[in-house]
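The values are calculated or read from the model by the stated rules, or taken from the named source; none is laboratory data. Everything numeric here is computed off the predicted structure, so don't read it as measured data. Quick reminder, even Gly has a Cβ in these numbers, built from the backbone with ideal geometry, and neighbours come from all protein chains shown. Please note that ligands, DNA and RNA were not included when accessible areas were found on the heavy atoms of the full protein model with its side chains. Shrake-Rupley method; radii C 1.70, N 1.55, O 1.52, S 1.80 Å.
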Amino acid sequence: MERDIYDEDHEAFRDLVKAFVKKHATNADIARWDEAGEIDRATMKAAAELGIIGLSVPEEFGGAGMLQDYRFRTVVSEEVIAAGAGSLAGAFGIQDDLAVPYLVHMGTDEQKATWLPRMATAEVIGALAMTEPGAGSDLRGIATTAKKVDGGYLVNGAKTFISSGATADVVVTFVKTGEGNRPDAFSIMLIENGMPGFQHGKKLSKLGSHGHDTAELSFSDVFVPDENLLGGVEGRGFVQLMMNLPLERLSIGVAGASAAQAALGWTLEYTKSRQAFGQRIVDFQNTRFKLADVSATVDALWAYIDRALLAYKDGRLSAEEAAKVKFWATEREWEVLDTCLQLHGGYGYMNEYNITRAFADARVHRIYGGTNEIMRDIVSRQLAGKP
């Protein structure tokens, strides 16, 4: 089914992204990132020079100023994931969908001027640190504290599973600044690489996204000056998190739809070229029926995502609606990728194939950004009229 969500500007931008991918996201590049466990800074800067990242940075700070029109970021996800470069898509997403928006929406004028121009050029890489060893989806259970001292705060604690955590220059960090677990007991701070007591732990070995670093972070009496308190106001951490949730959840849904679309393309190509028992794999009725199911699922998925993209653009996408997008899209993604991998037979188990890497990359989509179980709880509470 043809989509009608894009205009000429989006399609022109798509051509730019395709050219970038062809040059900078080759099989050799993907293998290099996987071996290093991170995306090199040169690739990030090359993307920034073309405006492929920095999309969410306002024009006055050197970006494209497209934070609300997530269609441009969707084009990036589609094309980068279609190239088999899921790790690169993840790195772009952390910068443009998580780190930058907190500064754009909630940063002080000084914070914006300090960080956004350098984030637009990828001179500075950002990360978001919420999850802790003892607190995953339960953010009120975090133990990382920020104690007020003269001129700033002393931060102590640890974060884990932080995407871009090993390479980030500035980490948007959720901390506890008050007593108890009331919403006003939490704040967000900008913790910089090189601050004494701040350590990036080893890169974590994980199931997928091998080319995008994930790390533990530790804080031991890290002095964070007052000017690094996001928005300049203490106790606003939960409110600030809530403001960015629709975008975070939408971005994961878009990644899921992009992976499902890419998997269909790879599988059509494979089943048309591979033969068994004297005929192409695609000529078996079971294969055709499975592909028909996948094609319909991908069409339905994009129809839903596209509505959400327009709602976000108009400021109408609520946190609850975005939660639906996140869990429904990633559940459908998983079904599609499982079916497509099966149609690849034994080759679907080989890491040299895009479908194999995408299958492993996709598993985390139902976990991060809030597990799909948490997403369902959020939606069900709204339906039941519970706070």
Arrange the residues E216, E320, E179, E373 by how much accessible surface each exposes, largest first, with a 1.4 angstrom probe.
E179, E373, E216, E320
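Which of the three applies to the chain, rounded, prolate or oblate, going by the alpha-carbon gyration tensor with a ≥ b ≥ c and a/c under 1.5 meaning rounded? Walk me through the numbers before you get to the answer.
Details: a/c = 1.78, a/b = 1.66, b/c = 1.08.
Because a/c hits 1.5 or more and a/b exceeds b/c, the chain counts as prolate.
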Return one number: the angle in degrees, 0 to 90 and rounded to the nearest 10, between the long axis of the Cα atoms of helix 237-273 and the longest principal axis of the Cα atoms of the chain.
20 degrees
Env charge @ K147, Cβ radius under 15 Å, K,R +1 / D,E -1, value -3
Straight-line reach only, C-alpha to C-alpha below 16 angstrom: list the aspartates and glutamates that K290 could link to, leaving out same-chain residues fewer than 8 apart.
E269, D299, E333, E335, D338
Can you give me the % of accessible surface on the chain that is carbon or sulfur? Probe 1.4 Å, all protein chains present, nothing else counted.
51 percent
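Would you mind counting up the charge near E60? Only other residues with Cβ under 12 Å from its Cβ, with Lys and Arg at +1 and Asp and Glu at -1.
Working: positive: K112; negative: E59, D109.
Neighbour charge sum, excluding E60 itself: -1.
What is the sum of charges, Lys and Arg at +1 and Asp and Glu at -1, for the other residues whose Cβ falls under 12 Å from the Cβ of I188?
Details: positive: K176, R236; negative: E234.
In short, +1.
With a ≥ b ≥ c the root eigenvalues of the C-alpha gyration tensor of segment 230-387, is it rounded (a/c under 1.5), prolate (a/b larger than b/c) or oblate? Please report the intermediate quantities before stating the final value.
Working: a/c = 2.91, a/b = 2.38, b/c = 1.22.
Prolate, because a/c is 1.5 or more and a/b exceeds b/c.
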Probe 1.4 Å, heavy atoms of protein chains only: per residue, the accessible area of segment 144-229 in Å² is 42 Å²
Quick one: check the C-alpha center-to-center distance for segment 204-252 versus segment 70-117, whole angstrom.
13 Å
What figure in square angstrom, to the nearest 10, would you give for the accessible area of S164 with a 1.4 Å probe?
0 Å²
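Within segment 1-105, list the GluC sites (Glu not before Pro) lying in a DSSP loop whose Cβ has at most 16 other Cβ atoms in a 10 Å radius. It would help to have the intermediate numbers written out before the result.
Values: sites: E2, E8, E11, E35, E38, E49, E59, E60, E78, E79; in loops: E2, E38.
The qualifying sites are E2.
Which of rounded, prolate, oblate describes segment 95-220, given a ≥ b ≥ c as roots of the alpha-carbon gyration tensor eigenvalues and a/c under 1.5 marking rounded, otherwise prolate only if a/b is larger than b/c? Write down the numbers at each step before the final one.
On the way: a/c = 1.56, a/b = 1.08, b/c = 1.44.
Oblate.
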